[in-house]
Amino acid sequence: MAPAQGQFSDHSDGVDSEDRAEGPSVPPAFLAAVEALRSARLRPELEVEVTRPPQRLAPHAYAMEAAVVDGEDDLADGRLVLLHDPSGHDAWQGAFRLVTLVRAELEPEMAADPLLPEVCWSWLTGALDARGLSYGEAGGTVTRAGSHYFGALSTRRPATQIEIRASWTPRESRGGVPDTASHLMAWGDLLCQIAGLPPSDPADAAVVTLPQRRGPQVS
């Protein structure tokens, strides 16, 4: 399995020291939460890299991108952002917040399932619950969008993309630091599930997954 580690991209210009998770002004709790993310170990199908975090959502932020790779195909991809406000945030009901975007392309027969949005949302909460994680204030959207091709592109098959946008508050331990490594691993479970990969744990063999084609890239 590959560690979820990496270097900041060259396009991090303009990101202040807090966003880089470096420097003396960064709270120790945030540094510990980031270090846990960097040390988490994920499934080998996941390729993870650190990317530029948002600068205005919270005083401190750290972001990672990941893709589920099968040969030369990216079956699903997403972004996970860790936010931290040492003063706490009323809407979060805590000092930390995890925000994600996950998306993949679906086979037409699966995309037509009217219960697909509910199923995809249950995958997120189920991935967190399966790892015994405590969290709150979970919310988000599941969007299904279809594309039909015409003219010079008419030979392409219709395509449907599913997209999950969500955020939740990871509960903090007595030391004031959430178990971000386990949250990252649960997020990786979600990515692999939406990509249609079989569960890595034989005990989860009954979990339904979706067959996929090549998925889109996070921009």
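The values are calculated or read from the model by the stated rules, or taken from the named source; none is laboratory data. Since this is a predicted model, take the numbers as computed values, not measurements. Positions of Cβ are backbone-derived with ideal geometry, glycine not excepted, and every protein chain shown enters the neighbour counts. Keep in mind that these areas ignore ligands, DNA and RNA; they rest on the heavy atoms of the full protein, side chains included. Shrake-Rupley method; radii C 1.70, N 1.55, O 1.52, S 1.80 Å.
If you take the beta carbon distance between residue 153 and residue 112 as r and set R0 to 25 Å, what does 1/(1 + (r/R0)^6) give as a FRET efficiency, to the nearest 0.05? It would help to have the intermediate numbers written out before the result.
Numbers: r = 22 Å, r/R0 = 0.86.
So, using R0 = 25 Å, E works out to roughly 0.70.
Using only the Cα atoms of the stretch 29-85, what are the Rg and Dmax in Å?
12.9, 40
Using the basic label-point model (7 angstrom from Cα toward the beta carbon), what is the residue 41 to residue 145 distance in nanometres?
With each label point 7 Å from Cα toward Cβ, the separation is 3.8 nm.
Could you report the stretch 122-175's accessible area per residue, 1.4 Å probe, as an integer in Å²?
Solvent-accessible surface per residue comes out at 61 Å².
Using a 1.4 angstrom probe on heavy atoms only, work out the carbon and sulfur share of the accessible area of the stretch 33-88 in %.
Exposed carbon and sulfur together represent 40 percent of the surface.
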